[in-house]
Amino acid sequence: MAGGGGSGGGVSPLGPAPPMWYHRDLSRAAAEELLARAGRDGSFLVRDSESVNGAYALCVLFQKHVHTYRILPDDEGFLAVQTSQGVQPKRFKTLPELVSLYLQPSQGLVTTLLYPVDREETAVSDDRDYSDGEDEKPPLPPRSASTSTPPGPDTPTDSPPAANGLSTISHEYLKGSYALDLEAVKQGACSLPHLNKTLVASCKRLNGEVDKVLSGLEILSKVFDQQSAFMVSKMIQQSVNQGGDQELENLVTKLAILKDLLSSIEKKALKALQDMSLSSPCSPPPLSMRHSKAIPVQAFEVKLDVYLAELTKIGKSQKYTLSVDVEGGRLVVMKKVKDNQEDWTTFTHDKIRQLIKSQRVQNKLGIVFEKEKDKSQRKDFIFASAKKREAFCQLLQLMKNKHSNQDEPDMISIFIGSWNMGSVPSPKSVASWVLCRGLGKTLDEMTVTIPHDLYVFGTQENSVCDREWVESLRAMLKEQTELDYKSIAVQTLWNIKIAVLVKPEHENRISHVGMSSVKTGIANTLGNKGAVGVSFMFNGTSFGFVNCHLTSGNEKIARRNQNYLDILRLLSLGDKQLSSFDISLRFTHLFWLGDLNYRLDMDIQEILNYINRKEFEPLLKVDQLNLEREKNKVFLRFAEEEISFPPTYRYERGSRDTYVWQKQKATGMRTNVPSWCDRILWKSYPETHIVCNSYGCTDDIVTSDHSPVFATFEVGVTSQFVSKKGLPKSSEQAYIEFESIEAIVKTASRTKFFIEFYSTCLEEFKKSYENDSQSSDNVNFLRVGWSNKQLTTLKPLLSEIEYLQDQHLLLTVKSLDGYESYGECVLALKSMIGSTAQQFHTYLSHRGEETGNIRGSMRVRVPSERMGTRERLYEWISVDKDETGGPKGKSTMMSRVGHEPSAVRKQLGELGKVSEEGERSSKEETAARPKQDTADGDPSICKNSYNNPAYYILEGVPNQSAAAISPELLPSPTSTNPQAAKAPPPSAGARTKPPCATSAAPHPRRPMTGHPVRAISEEGSSEDDGGACMAGAQGGGTVGSTLNRPPPDFPPPPLPKGALEMVAEAPFSKPRPLYPDLAEVRIPATGPVAPLALGEGFRRGGVGGVGAGALDDQSCSVLQMAKTLSESEFPGQPPRAPSAPPPLRGQPMGLGLDACRTFPPRNPIPESIAEDMPEEALWGSSSSSLSVGESSVGEWLQRLGLERYEQGLLHNGWDDLEFLSDITEEDLEEAGVLDPAHKRILLESLRQQQQQK
């Protein structure tokens, strides 16, 4: 911390006691909020600089703008305000002396310092933070610190030196010890002890790296080079015992041995293998595979899913068996025919072209096989369950990976476990933890024993010493997998531990291992609470893992939030060049696990009742972590898999049947309600591949009051790319070019800004020039822009498209006055590659908070000679979202598009572009929507977590509700369209997608965030696609797009809660709020409004009233900005084509806040068959052949009062009313319909339906 540094003469720079106007490490944004609250010109405070260690920032309010001056220490420790070139600075020993000068007028600042803004002192008495239900005092740290645990940021003495490790130490030698060595030489000495000491210190890290390399080569040398092996073993032994003068000599000897060994080992190995091949006909398997378990052949019972056109030929679903032989690289497809005969076909791994997962039917999978003469065929199969489908996909991916001709993997699997051990040793076996057996989303038994590539174990209140703990984990993995996993990192802070183990075959793929810890216990000095972290590179992909134990106590939400922000800022992991970015942006994939200690805000008896009924959704709506994430207070843009297991805390030890929720303490009775304290979240760069395959807890490990939690992930990784064409010539150089960039930053400052660009594909970071346009329509936000001439062209190190499509660009917007970051973001290059510029648009964040957003136009130009690429293993599996069907034999190969192209990104604020997820969320609304009402797009507003008001300024509208408030988009009391006032009985014929005019551009559909099922993009939402509609050639019909498109950086946001109020009558039978953010919006009687063009100003006015008391914070927060922005007035828009869409879904004001919560995200599957049916144009008919009112199996069953059987029928492939006409009693029994009376009712209903056709 800056305040801790010394100054000239040993005087503290803060004087005898820190003055009240000194706010320590207060963030820039928080400082601006305090000054805005003070509201008087001349208000000031001093904080630590965010850009320079040991420096300060003087912040002054003048004419509603905040001006920042940097206070820098010089070589002698004196302080001075940074001045323009040529101006002599005034130097001071302490901050109070410096501030006292500027309290006098005419000293060069924008205004005289008049009103100090004092810091808010927090009460120390409330700082007691001991573990719930445990000891009254925090546990003592372990007696012996781990040898593998480097000090955290609170022990800066051991932090690594500057980029060149020799520079700092060498300067110290030349300044001081050099003179001592010179004196010794004058007196006849033959050695330079001080120089030797300097060199030993400089090479300390080199020594360790050489030891690692020698250890790795020791096994090879023992096999192929006995003579070198003896020397290697001897040197490794000596390096442990020697030190001082001998240490440097020892290093030189080791380097010589390493040189000889590396230059000769390949020749000697070749000779040895040649000798072995002559004496033995078959060579031994590689060391890494020699002891691994062979995966047995696995068989899956499935049914062939047939298209409507083929039903007449086939009659009913056909039963198949799919047998996967991972070791042999074969898939056998076996069909059962008459007289118990079997017809089978074998496909080798290279003949399986693609797997296509159905999104609507979770147990349905399409397989594309390669036939003769480059033809392909797709077959769709229905599995017994979604879990069986996932197991089949995992086995086929494993088979593809095993028999791939690629040297490096495209994808790895990661196990992550978190467990608060309750300060007692673990039981003898915790196999259920590593095998993901228990409650929640678990792995299928067929795949549960397949070893993962990485295992990450995070524990809290773990009293076992490091070495014993790691060895017990390795022994357990050896028992389960027969592999010797290698420990690559262990980090400990008191009893908080994280251990990372890797498959032996991947050990050499791990590099740049880093470790760190942060204390957040009492006064941030005790390590009983805090975090430990590990980071490393796996080939070309960066990983970060954080294990934390946050403040306990039901009521301490704000304290937990602050713990998280402190860890985010202080944990020293990853590339040191990225110090401007918090750890959530430093890694391709960041995983955050631990005992987060967020609780449930509900009465204990209600909680227990819901748990007994296994109804978790009402509890997740009052989960403090979900609520804080919804407010963007913590874990901004992180993802979490849906929770389907009971709360993991606080159980009675020795049992999992009883929650112990009361504890008698000295201060009285303490209540600890059952809660999901133990969590696993993640955040990944956009356009990367990550899938969570399991998330649950064990139910048989009972030593602690917490149950262990597990999650497994499938993660795409990149190799260390080596260009086959060498370094690019000037004619073959790729370029990253920007046409323009515009950013909105949340600040009251009016300084100039520049952008810094960072990427592993750049030799060094690059800067833009200062912005050449700047405007402000709101005192708390600033719009800054850079034209093409202000933005530098970037030259990547390599120009191959295969390399560039895996790269990302990090941007930080910095001020010229203090060189401090006002916001950071990450962009994927993949979707920017091309000859024409593409638009990007994403959010800015700083210190874990949203601070604005940024957009622009750029392109990545790749020369034609470098355009060759290949399909990644994880691209082999795609998700079919539209499933409009089609004739057999045609392969529906999914297009893989990156961020949406520029045409899709225009007019993000338009309301006529609804997300696919918004449609799926409500079968009633979709089915009831008449065709003519959808011509201009769906007026529904998609629900998502984005509530950054800077978006509204950038788009020129206050929020999406601006369009919603327009009378054209609202139901009139005298509406002539009866559909606008009531929901008619749904029919299959009414279910069509919005047609587009032939001349119009396709209507893009915005995906929703918030569904953390597959988090490919940074927002953790990939199950939602942005489809497009296409005009039929003859006019009228529409065909659903099958693009498998990852979401853009963010969708258009809804208005934050409480910003507007609306009372709308919901015309639906179920009052469940589809768009909770609009549940409290009141529609004012105003004229039409429309988006502003960029650059148009705001006019103070009254479009929409602002609800009082809806915001938690009284500060100038992001939500407060939205409140201010919602009061702005905008000019009207041209009249639209007349249409009468249905009213917005809302709910009366009387409903409480709980009714508005949306956690967990609802599973969009199973859906009605109306979602799955082909479009009318595809079949050439104007209406459905169904004459009954139902459009889905669910609605048909509901009419018969037998909706309980819907799940069973869907899971067995009976997902279409047309299909059901051929169902038999046997099929009904397999689907769970065992009651004879119910079978008769169902079959009779289907017969009547057939007669009506």
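The values are calculated or read from the model by the stated rules, or taken from the named source; none is laboratory data. The shown structure was predicted, so the numbers you read here are calculated from the model rather than taken from an experiment. Methodologically, a virtual Cβ is constructed for each residue, glycine included, from the backbone with ideal geometry; neighbour enumeration extends over all protein chains shown. In case anyone asks, the SASA skips ligands and DNA or RNA and just uses the protein heavy atoms, side chains included. Shrake-Rupley method; radii C 1.70, N 1.55, O 1.52, S 1.80 Å.
Out of F753, F713, one residue alone is open to solvent by less than 10 Å² (accessible area, probe 1.4 Å), under 30 Å from A38 (Cβ atoms) and among the aromatic types (F, W, Y). It is F753. Taken over the stretch 740-760, residues that are closer than 29 Å to N539 by Cβ and in a loop (DSSP other than H, G, I, E, B) amount to 2. Among what's in the stretch 766-789 and is over 14 Å from E742 (Cα atoms) and in a loop (DSSP other than H, G, I, E, B), pick the residue that is least open to solvent (accessible area, probe 1.4 Å). Out of the qualifying residues, it is N780.
Screening the stretch 554-573 for residues that are part of a helix (DSSP H, G or I) and of a type in the set (D, E, K, R) and picking the one that is surrounded by the most Cβ atoms within 10 Å (Cβ to Cβ) gives R560.
Just a yes or no: is a residue in the stretch 523-534 open to solvent by 40 Å² or more (accessible area, probe 1.4 Å) and within 21 Å of S423 (Cα to Cα)? Before you say what the answer is, go through the steps one by one.
Step one: of the stretch 523-534, the residues open to solvent by 40 Å² or more (accessible area, probe 1.4 Å) are 523-526.
Subset that is within 21 Å of S423 (Cα to Cα): 525-526.
Yes - at least one qualifying residue is present in the stretch 523-534.
Screening the candidates G216, G243 for the property of being of a type outside the set (V, I, T) and modelled with pLDDT of 65 or more yields one hit, G216.
On the stretch given as the stretch 195-210, residues that are open to solvent by less than 60 Å² (accessible area, probe 1.4 Å), at pLDDT 75 or above and farther than 14 Å from E249 by Cα total 0. For the stretch 639-668, residues that are under 30 Å from T842 (Cβ atoms) and either among the aliphatic types (A, V, I, L, M) or touching a helix residue (DSSP H, G or I) at 6+ places or on another chain (Cβ under 7 Å) (or both) total 2. Scanning the stretch 463-500 for residues that are free of Cβ contacts under 8 Å to residues at least 60 places away in the same chain, farther than 30 Å from L565 by Cβ, open to solvent by less than 40 Å² (accessible area, probe 1.4 Å) and not in a loop (DSSP other than H, G, I, E, B) yields V470, L473, M476, L477, Q480.
Just one of the listed residues (G4, G54, G8) is modelled with pLDDT under 95 and open to solvent by less than 20 Å² (accessible area, probe 1.4 Å), and it is G8. Is it the case that some residue within the stretch 1200-1207 is in contact with a His (Cβ under 9 Å, 6 or more places away or on another chain), more than 21 Å from N363 (Cα to Cα) and assigned to a helix (DSSP H, G or I)? Yes, some residue in the stretch 1200-1207 is in contact with a His (Cβ under 9 Å, 6 or more places away or on another chain), more than 21 Å from N363 (Cα to Cα) and assigned to a helix (DSSP H, G or I).
Candidates in the stretch 430-466 are the residues that are among the aromatic types (F, W, Y) and in contact with a Phe, Trp or Tyr (Cβ under 7 Å, 6 or more places away or on another chain); of these, the one that is nearest to V702 (Cα to Cα) is W433.
Among the residues of the stretch 501-520, those that are outside any strand (DSSP E or B) and in contact with a helix residue (DSSP H, G or I) (Cβ under 9 Å, 6 or more places away or on another chain) comprise K503, P504, E505, H506, E507, N508, T520. Of E737, E763, all but one fail to be touching a residue at least 12 places away in the same chain (Cβ under 8 Å) and not in a loop (DSSP other than H, G, I, E, B); the exception is E737.
Is at least one residue of the stretch 59-80 in a strand (DSSP E or B), more than 30 Å from Q562 (Cα to Cα), open to solvent by less than 30 Å² (accessible area, probe 1.4 Å) and not polar (S, T, N, Q)? Yes.
From the residues in the stretch 648-704 that are touching a strand residue (DSSP E or B) at 6+ places or on another chain (Cβ under 9 Å), in a loop (DSSP other than H, G, I, E, B) and among the hydrophobic types (A, V, I, L, M, F, W, C), which one is surrounded by the most Cβ atoms within 10 Å (Cβ to Cβ)? Only one residue tops the list, namely C677. Only a single criterion out of (1) at pLDDT 95 or above; (2) in a loop (DSSP other than H, G, I, E, B); (3) open to solvent by 10 Å² or more (accessible area, probe 1.4 Å) is not satisfied by Y598, namely (3). For the stretch 790-820, the set of residues classified as under 30 Å from Q720 (Cβ atoms), in a strand (DSSP E or B) and hydroxyl-bearing (S, T, Y) consists of T812 only.
How many of the residues in the stretch 840-888 are polar (S, T, N, Q), closer than 29 Å to D410 by Cβ and either at pLDDT below 95 or open to solvent by 60 Å² or more (accessible area, probe 1.4 Å) (or both)?
The first filter runs over the stretch 840-888 and keeps only residues polar (S, T, N, Q), leaving 842, 845, 851, 853, 857, 864, 869, 878, 884.
In the following step, the residues that additionally are closer than 29 Å to D410 by Cβ were identified as 842, 864, 869, 878.
Applying the additional criterion that residues be either at pLDDT below 95 or open to solvent by 60 Å² or more (accessible area, probe 1.4 Å) (or both) yields 864, 869, 878.
Number of matching residues: 3.
For the stretch 406-432, what are the residues that are part of a loop (DSSP other than H, G, I, E, B) and of a type in the set (S, T, N, Q)? Give the derivation first.
Our first condition is that a residue be part of a loop (DSSP other than H, G, I, E, B); within the stretch 406-432, this holds for 406-410, 421-430.
Result: Q406, S423, S426, S429.
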